Amino acid sequence: MKRAIFAVVVALSGCVSPQPEPKPMPQRIIPYSGGLKIADSGGLEISFGRAQAGVEKAIDRLVGSTIIDGVDDGAGCELRSWSGTGLSLIFDKGAFVGWIAGPPTWPAPKRSAGNTCGWG
């Protein structure tokens, strides 16, 4: 009897489907000194000076629309971060002026370019 129960438990345990492993997000955003380059896009980039609304829309399309942080310094500079990307963008009075990037967008240690308005 115990063997029959054990055999049923073993047989049923094989019916559980394996959980898919999370896959890392493909590297799509490449920070550089003048803004952000978009991988495999034929040379498209998001340059410093672009309007905040357009930049946020482009990043949302690339990585998903999950802004996890939005901090304003009270003088017009705003920091926006996207969940799971290690990427924060800085906007000054509605214009894209800088970035701070860490893993997985940029290897450790974090790097930055442009005007970071004191965030680092």
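Brief remarks on what is shown
- Modelled this way, with points 7 Å down the Cα-to-C-beta line, the labels at Ala51 and Ile30 are 2.8 nm from one another.
- Full-extension gain in nm, Ser41 to Asp60, via 0.36 nm per residue minus C-alpha separation: 5.3 nm
- Karplus (6.51, -1.76, 1.60) ³J(HN,Hα), θ = phi - 60°, over the range 82-95, in Hz, Gly and Pro reported as x: 10, 4, x, 9, x, 10, 10, 10, 10, 10, 10, 6, x, 10
- Centre-to-centre separation between the Cα atoms of the range 29-97 and those of the range 103-119: 12 Å.
- Couplings 3J(HN,Hα) of the range 73-78, computed from phi: 8, x, 10, x, 8, 10 Hz, in residue order, whole Hz [Karplus 6.51 cos²θ - 1.76 cosθ + 1.60, θ = phi - 60°; x for Gly and Pro].
- Net lengthening on full extension, Ala95/Ser83 (0.36 nm per residue, minus Cα-Cα): 2.2 nm
- Per DSSP, loop trypsin sites (Lys or Arg not before Pro) in the range 76-120 with at most 14 further Cβ within 10 Å: Lys93, Lys110
- Total formal charge among the other residues, if their Cβ is under 13 angstrom from that of Ile30, Lys/Arg +1 and Asp/Glu -1: +1
- Count Lys and Arg as plus one, Asp and Glu as minus one, and take only other residues whose Cβ is under 14 Å from that of Gly49; the net charge is then 0.
- Neighbour net charge for Gly76 - beta-carbon separation under 9 angstrom, K R +1, D E -1: -3
Laboratory data are not the source of any read-out in this text; all were calculated from the coordinates shown. In this text, all values refer to a predicted model and were calculated from it rather than measured experimentally. Positions of Cβ are generated from backbone atoms using ideal geometry, with glycine treated the same way; all protein chains shown enter the neighbour counts.
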